[in-house]
Every structure is written in C-alpha cells, then in structure tokens.
2 protein chains.
Amino acid sequence: MMLNSELATAIMNSVDAGFDEQVALTAELVKFPSVRGAEHTAQDFVASALRERGLAVDRWRIDIDAIRHMPGFSPVHVEYDNAFNVVGSHRPRSAKGRSLILNGHIDVVPVGPLDMWTTPPFAPRIEDGWLYGRGGGDMKAGLAGCLAGIDALARLGYRPAADLHIQSVVEEECTGNGALACLERGYRADAALIPEPMWNQLIRAQVGVLWFQVRVRGVPVHVREARAGANAIEAAFPIIEALHGLEEAWNTRREHYPPYETVEHPINLNIGRIEGGDWPSSVPAWCVFDVRVAIYPGQEIAAAKREIEATIRDAARANRFLANNPPEIVYHGFEAEGYVLKDGEEAVALLGRAHRQVFGEALAEIATTGTTDARFFGLYAGIPALVYGPNADSIHGFDERVELESVRRCTQAMALFIAEWCGLEKV
Amino acid sequence: MMLNSELATAIMNSVDAGFDEQVALTAELVKFPSVRGAEHTAQDFVASALRERGLAVDRWRIDIDAIRHMPGFSPVHVEYDNAFNVVGSHRPRSAKGRSLILNGHIDVVPVGPLDMWTTPPFAPRIEDGWLYGRGGGDMKAGLAGCLAGIDALARLGYRPAADLHIQSVVEEECTGNGALACLERGYRADAALIPEPMWNQLIRAQVGVLWFQVRVRGVPVHVREARAGANAIEAAFPIIEALHGLEEAWNTRREHYPPYETVEHPINLNIGRIEGGDWPSSVPAWCVFDVRVAIYPGQEIAAAKREIEATIRDAARANRFLANNPPEIVYHGFEAEGYVLKDGEEAVALLGRAHRQVFGEALAEIATTGTTDARFFGLYAGIPALVYGPNADSIHGFDERVELESVRRCTQAMALFIAEWCGLEKV
C-alpha cells in the first residue's frame, strides 16, 4: 500500500504525541544494567512491555546445544544462565501485507571505570536534547522505538496487517548467538529492521568480526633474577605489533572487497583488554590479551584465522622463550561474517521514502566498520535486514548518549515503514 | 662464650634429633595461605607455637598511624585488618649474653595460575629431599628454623642467657611495615638474624626497592573508530620501554655504589602486573601497570623518584594524547632504602664460625639484588642485621621449594650462633 499523505501525517503526529512516553520507556530501559550475564531483568521488563501491548510473548533461555551446529554460531566460554531472548508477536486477523521482524539487542557493553563518567552510567539523564547512559544509544533507544512505532499506530486505531515480531535479543555485543537463536526457534519474515544507532543512515554493508584471546606464558622467577625469566607481559608486545602489521596488510587489500574499496581504514584491530602477572616483585609468568579484528564481507573466517595464527606464530618465533612456548590462541566470541544488504531493494526503497518524508532528504547508505545482527537474517535466512537508527555518541565509551530529536524522527520513519510494509488493519 | 666442641656437637645432634618435627612444623606453616590480607590465621598458629615453648607472646595489629611518620615507612593502599605481628620473647633469669632478634616474615607472594603448579601451592609435599610449596623457601623454613633452634637447646636442658625475641612479621613482601612496627613497639637487641633463603650465604649488602603504579588513561571510542581514540593499553608500551632505559642508565652507574660495582646488572626493573580495558570491542580507556625497581644503597629515594617521574613524563610527551593526559604515578608499596651490613663484625665472625663448623667451609657473603627486612634494624635502630638461610628455588615462581638438607645445616648453624651469642643457662 501507499500511505496517503493525511495518514502519514497522522502517524508522524502520533509518534510525537507518544514521544514523552517513549523517552520515559527508553530511560527505564537504560536503568537496567544489562551487561553480559545480567540481561535477564531487563528482558523481564521488555516481556511485560510487549505483553501490555497485546503481543504474544515468547521468552526462552538460549540453549547452546540447539544452535552450535548452525552457520553463524560463535563460540562462547561463559554461562547462559541469564541469557533469555524475548519475542513479542503480533498476528493479524488476516495477513495481507508483508511480514516484518523488528530486532534490537538488550545487552550493553561494560561501563569501564565509573570515575570516567560524568554521571552514573545506569542513571539516565537528559541534557540539551540528549539522553545519557550506557546502552541508551546502543541500542535501547532503538528497541524502545520499535514499541513506540506500534504504539503510534495503535493510538490511531491501527495495527499491522501482517505478522510482526519484535525481538529483544542478548549477545549482540559478543557473539550474535541471541539473534541466531531466534532463527533456530523459527522466526522468519519478509524483512527485518534493526534500529541500531546509525546517525539516521542505512547500513549497506557491514564487516565481519573475529574475537580471539592470546595467552602468553613466561618463566616465573624472583625479580632479583629478572633477566633469567621471560616476562610474559612484555613478551606480548611484539605479538601485538605483529598483529597490527596484519591489520595494515588487510587494509591494503580493500580494493578487492567492495564496497570497502572507498572506505578509509575499514579493518580495525583492537587490543581491548589485557591482564597479566600477580605481584610487582614477581616476574609475570602469564599475560592474556583480547583482540577484536574486522574482516571483509566475503573474506573467509577460516582463512582469516589461519593468517592470524601464522602472524602470532611467526612473531613468537622471534622470541627465544616464546619459540619453545608458543602462545595459545582461544576464539572466545565473534566469528561473524561480513554482510552486504541485497535482495531487499523494495524494503530499502520504502524505508528511503519514509525517511525522506520525515527528514526531507534522501536516505544515506554507509558501509560500516562494525558488525550487527543483520548478518543472521541476510546470510542464513534469506531475509533482507535493514539497519537504520538514530544519532548517538560515544557508544562503548563514557557518557554514551543518544540524540532525542533524531530518535523522534527515526521512530516516525520506522512507524511509516511498518505501516507501509505490513499494511494496516483497524484494531 | 666459646662453645666447647662437645657442646657444639651436642647442639648439632639435637637439631638432627628434632629435624622430623621441624620439617613437620614447616609443612604445617606452608599450609596457611598467608598471602597479603590473609596472614592472620598463620600468625595465630605461630603465636600458639611460641606460647607452647614458654615464650611470652605479643600479638598486635599493625597501626598505620603509629608508624607512618617513621623513617623506612612505605605507603600502603590496602587494609591492615588481618595484618598482625607476633613476637615471642624469652627473658632469662639474669641476662648475661648479648640479646638477639630472630626475625622471619609470614607473608608469601601470590601463587599465580594454579595450573602452572605441579601440585597445589599450599599442599606441601616432600620429594627428593626438597619441600615444595608457596612460602616454603621464602621464608617459612627459616621461621620454623628459629623455633627449631631454641627447641634444640631446650632438648639439652638449655635456654638462651640473654633476651631473645622471635618475630613473625607481615608485609615483608610489599612494604616492610611489619618489621617497622616491631621497632615502633620497642623491640631492640644487640643483633638481628633473618633466615631468608640465601643459599647458605650471608647478605653483606642489599639493594633498595621502589614500587609504583602507572595509570594511563585513553580516549574511549567504539572500535569501529579505533584510530580516533587512544588505546590506553598500547599507550603504556613506550612508557615501559622508557623505564627500561632508566634501568640501564642506573646499571651503568654501579661503579659509584660499592659493593655493587662488581655485580652484573644489579638494578632490575620489573613490570609485574598489568591490567587494562573491559571489552574486546571497546578501545581501552585505561591501563594500569605495576613496577618494581631496585635502587643502590646510598641512592636517595626522593632523587630516584624524580628520575622515574621525569622518565615517564618525557615518554608521555612523545605521545600526542598522553602529552595532554599525563599518566598518573602512584607509590603503592616499597619505599625501601638499600642497606650494607656494618658494625656487626663480631656477630658476623661468630656466624662464620658456626657456619664453618657445620658446613666445613667459610661463610660466603653476597650483595643481593633483592631487599629484606634487615634494613630496618640496621638503618633505623643501629642493630646489625644478618641475613643467612637455606637453599631455595623458584621463590616467587611456581613449584617453589626449599632443600631440606640445607635447612638442617642452617638450623644447626643458627642454633650454634644463638648459643654462642646469647650464652646459655640451664632451664
């Protein structure tokens, strides 16, 4: 269907009418410290919010054994005791339009040292039109926006005329196994929309991501004989340097991986965590560091791993001690392929129209140097997955914030998209 | 007094007669996991052992406020809730000989990853004449040896004819504030003997030690913009490199600091611990690392600190981000001066005679590249402090062990020394 301009305006106004409520819901979500291993209480809250809206709620704990054989699965070394997915489903009286999955993740990354925050990360505050708090941008504003979108339609007496599933998933920030578990449970649709904080743009392509941990062992001795042992912390440095060499080598290959040939430095390798040693006066016998590196869409994970392993092996060979005690490499998270959105031009055109209606300009597309759960829908279920969402700052950093005006407009565009993609029926 | 050879032989035989018991006591001590903050239960055990031997036991919690003004105090950033010193004192009917402090520390360094131990660190085992376990060498064998020394005399119906204080102190491995607190409490003697594991040698000189922590802060961003932020972990590397430059500069100055002019590489700088970042996919905004560095006897602590601080400041200046966000330096442990044993030649000669009697060879002297609590007695109380003890391996490492035959002989030498230094009276 094509929305007539009167209905489109009504939908946009209805988003505005509900916006205070939407912001309050977003702030409420930010209060849950839904870092890895502690997502369950936030998910309970989401389940209630979905139920209040008349959606059928499906809540289940992720079962690793049920998904570990599936393509896209990432290895996991933690317990999933509190890893619950929540899906709220609307099924119309008679499905006329195209079905849709709205997907958002509830998990947030760690907050880091509290003293680097201006105000506490899980105490949301609004200042100068921005909502501050860990997860506000990435991506509780988007998740709340999904609910606000159907609220806006309901306020006008409408609901989607096609199946609509609102998915609140865990594990987006480390494996994607939450989104994968939704596939395993059977959720499918004609398109998926993920309102990640994309500065009001659409992701056309996303990189893949690998996580690995390098474990270096040294020879422990009393510091008075420091030079007799191998300092495991310092033995890690040349390995890290070699990994940056690999990063640069991969960046020079970008011409082979469209659309990344025009992106400056698409491959980022990050040493995100390090820990080693136990005592200032003991030569450290161990050091572990965590690495995140991007791969191109189309770059094979197995081949990338071989290059990583060879790089570490060669760097270790140059160190007398490490040559005989090679570092251990453990894959402990993301084994994510890259994804280029295709076979979704109808949905893209429709989202572009909605965006233009709200923002008054064309929808920009980007090739992002990050990953999202979109890959699961696109690569493993043939569902075109559109990632489009508001303007946020400092996600994964301190004083993370999301711009409320942008949230309002993206929600308007999303509501228009739902109405047009799914069609509408009277409540 | 000069022991006649009959009595000397009797004392040595008496040590042998009690040796199984001594080994059992040592193993019992090793079972206590008396790492920092958990020394109290081991100290209770020591207090009981002293009391059983008829010594007057003084047990007190270290009061930082009572010692912080004293020379030799080291700053401390942890609680002293469980930091109890224990002293057992023998006071003869009439003091004829020279008084003596036998000092040992009950604290042990952390064990590190358990999987690097052949058997659990606090489950002592004996194999091929060595006792294995954390703290066995450093220095529970020596501490048990102090008790075994007076046991050997008691078995012959003797006790020292002078005041004898057996001190079991905490904090040797990080500050020395335990030994300092013994001075504050008033314990004094004509000499002190510390049976640290010294491979049957006497320490003639020991270096000083400084501990400091360097805290680096970065600019946190999402890894997809990795190059926009400053990776605090990697920003630490050039600072560490610069500190090694300072280490080498100090080593080249050794000709000015006898007796270290002939010691190869007396100054060791150790990066003993590192921690940074929270998440593989977040650019780390913080990194802290702990450093231990030696200083020469006579090298001033304040001047050494100034050099350290200038080194870090200059290294930070070379980094665009760190230049404006200089690392923080925190002194969080040892501020220990070096010490050269002097004014103790009578005691040294006597220990040398005892050693020759047992080992059949001259007592070797070393300038060690580590520190001990001896400095407190020597520098701040005018008490010559002799450090002499058994052969141990891998102290501060894995599978720490102490050689039992060496323990037996050092205990014989120590018992002879007590008898000759203090004199003997009949029980």
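Restricting B:VAL348, B:VAL330, B:VAL340 to residues that are under 23 Å from B:ARG408 (Cα atoms) and open to solvent by 10 Å² or more (accessible area, probe 1.4 Å) narrows the list to B:VAL348.
Condition check ((1) within 18 Å of B:LEU386 (Cα to Cα); (2) touching a residue at least 12 places away in the same chain (Cβ under 8 Å); (3) out of contact with any His (no Cβ under 9 Å at 6 or more places or on another chain)) across all residues:
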position: B:VAL111; (1), (2), (3): no, yes, yes
position: B:THR119; (1), (2), (3): no, yes, yes
position: B:GLU127; (1), (2), (3): no, no, yes
position: B:GLY136; (1), (2), (3): no, yes, yes
position: B:ALA141; (1), (2), (3): yes, yes, yes
position: B:GLY145; (1), (2), (3): yes, yes, yes
position: B:LEU153; (1), (2), (3): no, yes, yes
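For every residue, the table says whether it meets (1) open to solvent by 10 Å² or more (accessible area, probe 1.4 Å); (2) over 16 Å from A:MET12 (Cβ atoms).
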{"site": "A:VAL358", "(1), (2)": "yes, no"}
{"site": "A:THR369", "(1), (2)": "yes, yes"}
{"site": "A:ALA374", "(1), (2)": "no, yes"}
{"site": "A:ALA381", "(1), (2)": "yes, yes"}
{"site": "A:ASP393", "(1), (2)": "yes, yes"}
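All conditions in (1) under 25 Å from B:ALA141 (Cβ atoms); (2) open to solvent by less than 40 Å² (accessible area, probe 1.4 Å) hold for B:GLU52, with the sole exception of (2). Kindly list the number of the only condition in (1) at the interface with chain A (Cβ under 9 Å from one of its Cβ atoms); (2) of a type in the set (Val, Ile, Thr); (3) surrounded by fewer than 19 Cβ atoms within 10 Å (Cβ to Cβ) that fails for B:THR311. The single condition B:THR311 does not satisfy is (1). Filtering region B:126-146 to residues that are open to solvent by 10 Å² or more (accessible area, probe 1.4 Å), on the phi < 0 side of the Ramachandran plot and either among the polar types (S, T, N, Q) or in contact with a helix residue (DSSP H, G or I) (Cβ under 8 Å, 6 or more places away or on another chain) (or both) leaves B:ILE126, B:TRP130. Screening region A:77-110 for residues that are touching a Phe, Trp or Tyr at 6+ places or on another chain (Cβ under 7 Å) and not in a loop (DSSP other than H, G, I, E, B) and picking the one that is most open to solvent (accessible area, probe 1.4 Å) gives A:PHE84. In region B:196-218, is there at least one residue being more than 30 Å from B:VAL358 (Cα to Cα), outside any strand (DSSP E or B), at pLDDT 95 or above and out of contact with any Ser or Thr (no Cβ under 9 Å at 6 or more places or on another chain)? Checked against the condition, which is being more than 30 Å from B:VAL358 (Cα to Cα), outside any strand (DSSP E or B), at pLDDT 95 or above and out of contact with any Ser or Thr (no Cβ under 9 Å at 6 or more places or on another chain), region B:196-218 yields no hits at all.
Within the bounds of region B:230-239, is there any residue that is under 30 Å from B:ARG401 (Cα atoms), within 11 Å of chain A (Cβ to nearest Cβ) and either in a helix (DSSP H, G or I) or among the aromatic types (Phe, Trp, Tyr) (or both)? Taking every residue of region B:230-239 in turn, none turns out to be under 30 Å from B:ARG401 (Cα atoms), within 11 Å of chain A (Cβ to nearest Cβ) and either in a helix (DSSP H, G or I) or among the aromatic types (Phe, Trp, Tyr) (or both). Of the numbered criteria (1) assigned to a loop (DSSP other than H, G, I, E, B); (2) within 14 Å of chain B (Cβ to nearest Cβ); (3) within 30 Å of A:ASP63 (Cβ to Cβ), the one A:ASP138 fails is (1).
Scanning region B:259-282 for residues that are over 24 Å from A:VAL35 (Cα atoms), facing chain A (nearest Cβ under 7 Å) and outside any strand (DSSP E or B) returns B:HIS265, B:ASN268. Scan region A:257-285 for residues that are open to solvent by 20 Å² or more (accessible area, probe 1.4 Å), within 29 Å of B:HIS332 (Cβ to Cβ) and modelled with pLDDT of 95 or more and the total you get is 2. Taking region A:313-349 as the range and being among the hydrophobic types (A, V, I, L, M, F, W, C) and in contact with a strand residue (DSSP E or B) (Cβ under 9 Å, 6 or more places away or on another chain) as the test, the residues that pass are A:ALA316, A:PHE321, A:LEU322, A:ILE329, A:VAL330, A:PHE334, A:ALA336, A:VAL340, A:LEU341, A:ALA347, A:VAL348.
For region A:147-181, taking the residues that are over 22 Å from A:ILE383 (Cβ atoms) and charged (D, E, K, R), the one that is least open to solvent (accessible area, probe 1.4 Å) is identified as A:ASP151. Counting only helices (runs of 4 or more DSSP H) that fall entirely inside region B:1-52 and contain at least 1 residues that are within 26 Å of the chain's Cα centre (by Cα) and free of Cβ contacts under 8 Å to residues at least 12 places away in the same chain, the qualifying elements are B:19-30, B:40-52. Candidates are the residues of region A:286-302 that are open to solvent by 20 Å² or more (accessible area, probe 1.4 Å) and not in a loop (DSSP other than H, G, I, E, B); the one that is farthest from the other protein chains (Cβ to nearest Cβ) is A:ALA302. Any residue in region B:183-200 that is in contact with a strand residue (DSSP E or B) (Cβ under 9 Å, 6 or more places away or on another chain) and closer than 17 Å to B:VAL23 by Cβ? Within region B:183-200 (the criterion being in contact with a strand residue (DSSP E or B) (Cβ under 9 Å, 6 or more places away or on another chain) and closer than 17 Å to B:VAL23 by Cβ), the answer is yes, since at least one residue qualifies.
For region B:365-419, the set of residues classified as acidic (Asp, Glu) and over 23 Å from B:LEU269 (Cα atoms) consists of B:GLU365, B:ASP399, B:GLU403, B:GLU405, listed by residue number. For residues in region A:307-333 being small (Gly, Ala, Ser) and outside any loop (DSSP other than H, G, I, E, B), which is modelled with the highest pLDDT? Here the residue is A:ALA310.
A count restricted to region A:334-353 and to residues that are in a helix (DSSP H, G or I) and either touching an Asp or Glu at 6+ places or on another chain (Cβ under 7 Å) or within 14 Å of chain B (Cβ to nearest Cβ) (or both) stands at 1.
The values are calculated or read from the model by the stated rules, or taken from the named source; none is laboratory data. Just so you know, these numbers come straight off a predicted model, no measurement behind them. No Cβ is skipped: glycine too gets one built from the backbone with ideal geometry, and neighbour counts run over all protein chains shown. These area figures cover heavy atoms from the full protein model, side chains too; ligands, DNA and RNA do not enter into them. Shrake-Rupley method; radii C 1.70, N 1.55, O 1.52, S 1.80 Å.
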